[in-house]
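Enquirer: Could you have a look at this structure, given as structure tokens, before my questions?
Each reported figure results from applying straightforward, stated rules to the coordinates on display, with no laboratory input. Note that the coordinates shown come from a computational prediction; the quantities given were computed from them, not determined experimentally. Positions of Cβ are backbone-derived with ideal geometry, glycine not excepted, and every protein chain shown enters the neighbour counts.
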């Protein structure tokens, strides 16, 4: 069950349209974090356009240079988050971004537009130019979960992570779990085994080439 009813969800879709919240600062390495440096208003989307995405699509394929990862969404329990992810994917926002943070036996994190270039020093600091509220639900964040990275409550943007640990109880209730992996766990295992530097950044690029929405 989501903490928001449908009316609340529509209000949050409005929030995605209009942009929210001041910038936030990164708060350590233990959890998947995002650190958005500036706020701008995203391109306007009507509630109808956003709702049509989750009505027409329920899954996505994350295409990477390591292979394809197929995810299914918890649309009823995270309506705003799912619509946000779908909207960004449809616009090509995630194309050529990277999984910029990889911690073996924990998670892989991506979705930052800053990761498109070769300067990894600012990876983890970017986003879509707005933030929106959490949709905490009853789905535990376990191996194969797709969840939003954040820098504290209600600071969601574009960054997300996929869990490789069997369980992460310290993340439950703190990150919006909005989907799960239905195929491609072997690809995720390949990604989590790449070499990384002292900042958990892969030494070889792990590129999200495209995210394709599916029925």
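Enquirer: Could I get the Rg over Rh figure for the range 112-214? Both from C-alpha atoms, Rh via Kirkwood, rounded to two places.
Expert: 0.95
Enquirer: To continue, here is another question. Using only the Cα atoms, what convex hull volume per residue in Å³ does the range 67-139 have?
Expert: In the range 67-139, the Cα hull volume divided by residue count equals 132 Å³.
Enquirer: Hey, another quick one. Assuming 0.36 nm per residue, please report the length gained on full extension of the stretch residue 95 to residue 117 beyond their Cα-Cα distance.
Expert: Full extension of this stretch gives 6.7 nm more.
Enquirer: Sort the range 39-198 into rounded, prolate or oblate with this rule: let a ≥ b ≥ c be the square roots of the eigenvalues of the Cα gyration tensor; rounded if a/c is under 1.5, and if a/c is not under 1.5, prolate when a/b is larger than b/c, oblate otherwise.
Expert: Rounded shape, in that the Cα axes give a/c under 1.5.
Enquirer: Okay, next question. Relative to the present Cα-Cα distance, how much length would full extension add between residue 210 and residue 138 at 0.36 nm per residue of separation?
Expert: 23.0 nm
Enquirer: Quick check: from the Cα gyration tensor, does the range 158-215 come out rounded (a/c under 1.5), prolate or oblate?
Expert: Oblate.
Enquirer: Suppose R0 equals 35 Å; then what is the FRET efficiency for residue 203 and residue 68 from their Cβ-Cβ distance, rounded to the nearest 0.05?
Expert: 0.95
Enquirer: If the chain between residue 195 and residue 170 were fully stretched, how many nm would it gain, using 0.36 nm times the residue separation less the Cα-Cα distance?
Expert: 6.5 nm
Enquirer: If you find the alpha carbon centre of the range 133-195 and of the range 66-123, how far apart are they in angstrom?
Expert: Cα centroid of the range 133-195 versus Cα centroid of the range 66-123: 11 Å apart.
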